[in-house]
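In what follows, a structure is listed as structure tokens, so that the remarks can point back to it.
The values are calculated or read from the model by the stated rules, or taken from the named source; none is laboratory data. Note that the coordinates shown come from a computational prediction; the quantities given were computed from them, not determined experimentally. Ligands, DNA and RNA are excluded from the accessible area calculation, which covers all protein heavy atoms including side chains. Shrake-Rupley method; radii C 1.70, N 1.55, O 1.52, S 1.80 Å.
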Amino acid sequence: MRRSIIGIAANEINDAGAKLYHLPISYTPCGYVKAVQNAGGLPLVLPVGSPVLAREYINQIDKLILAGGQNVSPRLYGETIQVEEASLSEERDQFELALIEEAIKQKKPIFAVCRGLQLVNVALGGSLHQDISHLNKSTIAHMQAPIAREIPAHQIRTEAGSVLRKIYGKETIVNSFHFQAVKELAEELSVTALSEDGIIEGVESNDPSLAFLGVQWHPDFAYDHLKQEQAVFRYVVEEL
């Protein structure tokens, strides 16, 4: 039986540190790779590159995963930058926007984590809160460091009838590592999970032509500790 090829959009850093001779590297966190393998999929890492390569990359995969990482540039949703520019990567933004456009065109399903969810929302016409620490309604810590990444930090509630309800139940606890969050939601998307303080934590497509699931937390950080986080990868590989 042929395994589903799951493309994972990679990240880049210019200096990998002394242990790696300060090399620039292209990488993806192992959690995505291992969780896809555990679910029976075949992971294929897609390094950041020219947007013109998107069509060829998407041609080679069955489904696309957009991982976490840098903040999404506010320029993409028409706002001035209010965060540190060092926290942005416009090269990555443009490459992944091209992947999103091509995946939608080729009707390839998309699973998006943290930054990935935010970028898909922006690609479809939505906007973001640049820094949720400035929101009066944000009463819980959405950046849980230094708490270990696999430890759940706050509660979410899922929508009845959603994919997330099927996987996570009515309520659960998830980890949290983000400064930005969805503000205005794109028309093609529906909220299917909220945090206790009203931050959008889960999003699914309401457009039959778009297979999409996005989560604000990091299942890749906890796939080997919590059954529900491996289960979402299994859903992506087998059903999305």
Q) What accessible area per residue comes out for the chain, rounded to a whole number of Å², with a 1.4 Å probe? A) 47 Å²
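Holding the Cα-Cα limit at 28 Å, pick out from K19/K227; K63/K183; K63/K166 the pairs that are longer than that.
Details: K19/K227 33 Å; K63/K183 26 Å; K63/K166 20 Å.
Going by Cα-Cα distance, K19/K227 fall outside the 28 Å limit.
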Q. At a probe size of 1.4 Å, how large is the accessible area of L53, to the nearest 10 Å²?
A. 60 Å²
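At a threshold of 8 angstrom on Cα-Cα distance, excluding pairs fewer than six apart, so keeping six or more, what relative contact order does the chain reach in percent?
Numbers: 499 pairs, mean separation 48.6, N = 240.
The normalised contact order for the chain reaches 20 percent.
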Q. When DSSP assigns beta bridges and you keep just the ones with both residues in the range 5-239, what percent turn out antiparallel, to the nearest 5?
A. 55 percent
